[in-house]
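Chemist: Let me give you the structure first, and then I'll get to my questions.
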Amino acid sequence: MIAKIMKGSDFKAVVYYILNDEKGTQIIDSDSLFLENNDTIAQGFIGQAQMNPRVTKAVGHIALSFSKEDVPRLDNAVMAKIAREYMERMGIKDTQYIIGRHFDKEHPHVHIAFNRIGNNGKSISDRNDRFRSERISKELTKKYGLHFANGKEQVKIDRLRDPDKTRYELYEILKTEVGRCRNWKTLLERLNRQGIDVQFKYKGQTDEIQGIVFMMNGYRFNGSKVDRQFSYSKIDAALNRNNYEERQMRPQPQANHEEISPTSVSDASLIEGSLGLFTPSNVPEEQQLYDPYLRNKKKKKQRKINW
């Protein structure tokens, strides 16, 4: 189950969107509203919202989407039960709401419209609502034995709109390139050829990198917002791992055991000069490339980082 949270100020617009005949909508649950028609429902929402005019975005709108594999077990009663429990855990209670089920797509989904002004005239908190929603969605998926989608591979990109469409395109590119590159130089070059610019975020006034931003099609995305595996530290660890695994596959010299640095002079000068990245001394130890020949030489020789 995936939840998408939206807020707005136009109750009439959200009611007409949810109760759209072209989507084959069925109202599967509601509370404290007169359901004669769309206008009476909207007027009911508006009347209660006027109890607290300081809240400019009183419209709460949440879409709950389920996997198509769950169709056999998700009748209206079960979906209404899950939606009510989701709302309860999110702190959406003692207020007006309608839950409408749409039938215009192959996967089951419902839309919840609720009044962010409760029955007592107080606003319903939306503090950290997206973080709480993600956790609750996973808990309910597990509780009701629903299907866990296999990550972003299940997303139909052609149906998305920007910026989500660009974010998923970026995800696919990063998944491929990070998986096959062995250093930052190669990765940055390959991303640039595909229209992706990269900026690094530094800690204070230091040269220590603590984040990464990708720019594509005029949009900016923090690495971790594309996917958690694409934060700066995790990409760096993946590149080091790729390099180490590739080195392990090379034939080992029989007689000469002299240590050879995996980083060329030209690569090092490019990174330190042109890109302004950090020097090896600033790399956290857990992100440094594992090399069994260096484990006993920590104090004798500075470890080098592969880019």
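Chemist: Of (1) touching a Ser or Thr at 6+ places or on another chain (Cβ under 8 Å); (2) farther than 26 Å from ARG159 by Cβ, ASN217 satisfies all except one. Which?
Modeler: (2)
Chemist: Could you tell me whether any residue of the range 190-210 is farther than 17 Å from ALA238 by Cα, part of a helix (DSSP H, G or I), of a type in the set (D, E, K, R) and more than 20 Å from the chain's Cα centre (by Cα)?
Modeler: yes
Chemist: Just to be sure, is ILE82 buried (at least 19 other Cβ atoms within 10 Å of the Cβ) and closer than 20 Å to ASP129 by Cα? Even if it seems obvious, please write down each step before you answer.
Modeler: On the way: buried (at least 19 other Cβ atoms within 10 Å of the Cβ): yes; closer than 20 Å to ASP129 by Cα: yes.
Spelling it out, ILE82 is indeed buried (at least 19 other Cβ atoms within 10 Å of the Cβ) and closer than 20 Å to ASP129 by Cα.
Chemist: Taking VAL226 as the residue in question, decide whether it is free of Cβ contacts under 8 Å to residues at least 24 places away in the same chain, more than 30 Å from THR56 (Cα to Cα) and touching a helix residue (DSSP H, G or I) at 6+ places or on another chain (Cβ under 8 Å). I'd like the intermediate steps shown before the answer.
Modeler: On the way: free of Cβ contacts under 8 Å to residues at least 24 places away in the same chain: no; more than 30 Å from THR56 (Cα to Cα): yes; touching a helix residue (DSSP H, G or I) at 6+ places or on another chain (Cβ under 8 Å): yes.
No.
Chemist: Sticking with this one: Report whether or not LEU64 is closer than 19 Å to ALA3 by Cα and of a type in the set (A, V, I, L, M).
Modeler: Details: closer than 19 Å to ALA3 by Cα: yes; of a type in the set (A, V, I, L, M): yes.
So LEU64 fits the description; yes.
Read the figures in this text as sums done on the coordinates, not as results from a lab. This is a predicted model, so every value here is computed, not measured. All Cβ positions, even for glycine, are placed from backbone atoms using ideal geometry, and neighbour counts span all protein chains on display.
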